[in-house]
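No lab work stands behind these numbers, since they all come straight from the coordinates. Because the structure is predicted, anything quoted here is derived from the model rather than measured. Virtual Cβ from ideal backbone geometry, glycine too; neighbours counted across all protein chains shown.
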Amino acid sequence: MEYKPKIDRRDFIKRLGALGAMGWTRHRTALETATASLKQLAAEKGLLFGSCLALKYCVQSAAYQQLFLSQCDIATPELHMKWNSLSSQPGVYDFENADKFVAFCITNRIKVRGHTLVWHDALPAWVAPQLTAETGPAMMTGHIRKVAGHFAGKLYSWDVVNEVLDPGSHRPDGLRDTPWLQKCGTSYIELAFRETAAADPNALLVWNENYLEVSNGFGHAKRAAMLALLDGMLARGVPIHGIGIEAHLRGDQAAVLGDESYEAFLGELARRGMKIFITELDVQDLTLPADVETRDRAVADIYSRFLVASLRQPAVKGIVTWGLADCFTWIAGYRPRQDGLPVRPLPFDANCQPKAAYFAIAQTLRAAPLRQQERS
Ligand code: XIL
């Protein structure tokens, strides 16, 4: 299905304004090509493009569903595969919503990124009281077997572990102090990868992590910890195939995004044979000016800066945003603006119309170097 935004004259003039800094000819080009879907532009460069999705968004908005289908060839369930979405009682699993999500994606030829098996967050309330050093490893591997086994053969990839690094935990190895680390020991990460490989041998197994993209002390510490841990695991033959760079970008961090140290880090991952995915891309606008045109321009510039640097690396195989349109974004609750204005972190506005960020992403994709197409 092709996405065809309706463009009337008032809308046209409004959007010209929103494209602020660009020259007149480029305005025309941008508007003429507004119908180009990001998945098509990405596919022309051997890249996947998609977004997270919760089924309720499609129920609430037919326009959003249409937008999603027109833009995405890969998707991540925002909620449906997290442990607390699957199991409200010990050992009892309800796959109804996750199955619906997978069926919807398969019907529409959209690849699914399983998200996520081992995380310190989104655990059902019953897990903590049951988790001890004796029960920990079996609880974790039992969950992986159940969930990865349930979807075996249907998913493109699994985020096997999520956000397992935290320099704030002050450990020499950089690992986050989580219940899994406490009860299972440092080998829980490799155990998780081996179990997932056994349960679903065809899925691409990914370590998904936040703040790797930020070139400050925190980000540098995360990168160093990841590379050291990766070296150990790869030497031990742990089946880890990819790294997810979350990229929840911040409007006030433009200066520490997309620099040479970030590109060098991507190079280090590539040298270790990792496929790289941008997995949760959005831009927090709470520190940016209230004026919508200025704000949209600033958000778009951050998308550009980050994606230009990311796409220079051929090991980067796909881009997944954490939502498509501003009507459904976790940023509204997670990082709201102090002035109470609606947040605008995504490529399309609350009416599913393309914003400056969409044009910036499209332009970055058009200019991206061609890479080898990912397997289907
Ligand atoms: C977020 C969802 O978007 C929210 O709706 C939910 O309330 C909390 O989780 N890192 C991740 C994602 O890996 O799973 C998180 O998703 C955002 C941060």
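Tabulated data
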item	result
Within the range 187-233, tally of residues that are within 16 Å of the ligand (Cβ to nearest atom) and among the acidic types (Asp, Glu)	2
Among the residues listed as 121, 173, 159, 177, the single one being loosely packed, with under 14 Cβ neighbours inside 10 Å, within 16 Å of the ligand (Cβ to nearest atom) and either not hydrophobic (A, V, I, L, M, F, W, C) or not in a helix (DSSP H, G or I) (or both)	121
Qualifying positions in the range 46-57 - surrounded by fewer than 17 Cβ atoms within 10 Å (Cβ to Cβ) and away from the ligand (no atom under 15 Å from the Cβ)	46
Single condition residue 106 does not satisfy, out of (1) away from the ligand (no atom under 16 Å from the Cβ); (2) β-branched (Val, Ile, Thr); (3) touching a helix residue (DSSP H, G or I) at 6+ places or on another chain (Cβ under 9 Å)	(3)
Qualifying residue in the range 100-122 (condition: of a type in the set (D, E, K, R) and in contact with a Ser or Thr (Cβ under 8 Å, 6 or more places away or on another chain))	yes
From 367, 356, 360, residue being among the hydrophobic types (A, V, I, L, M, F, W, C), more than 17 Å from the chain's Cα centre (by Cα) and under 24 Å from residue 113 (Cβ atoms)	360
Unique residue being closer than 27 Å to residue 334 by Cβ and without any contact (Cβ under 8 Å) to a residue 12 or more places away in the chain when the list is 290, 255, 225	255
Failed item in (1) touching a strand residue (DSSP E or B) at 6+ places or on another chain (Cβ under 8 Å); (2) within 16 Å of the ligand (Cβ to nearest atom); (3) in a loop (DSSP other than H, G, I, E, B); (4) under 20 Å from residue 49 (Cα atoms), with residue 371 passing the rest	(2)
Residue match in the range 100-119 (condition: farther than 22 Å from residue 75 by Cα and either touching a residue at least 12 places away in the same chain (Cβ under 8 Å) or in contact with a Phe, Trp or Tyr (Cβ under 6 Å, 6 or more places away or on another chain) (or both))	no
Candidate set from the range 326-366 (those that are without any contact (Cβ under 8 Å) to a residue 24 or more places away in the chain and not in a helix (DSSP H, G or I)); member that is farthest from the ligand (Cβ to nearest atom)	340
Matching residues in the range 196-218 - criterion: being closer than 16 Å to residue 279 by Cβ and of a type in the set (Gly, Ala, Ser)	203
Residue match in the range 125-134 (condition: closer than 20 Å to residue 75 by Cα and within 16 Å of the ligand (Cβ to nearest atom))	no
Odd one out for residue 262, checked against (1) more than 16 Å from the ligand (Cβ to nearest atom); (2) in contact with a strand residue (DSSP E or B) (Cβ under 6 Å, 6 or more places away or on another chain)	(2)
Residues of the range 332-361 satisfying the condition of being among the aliphatic types (A, V, I, L, M) and surrounded by fewer than 22 Cβ atoms within 10 Å (Cβ to Cβ)	332, 341, 350
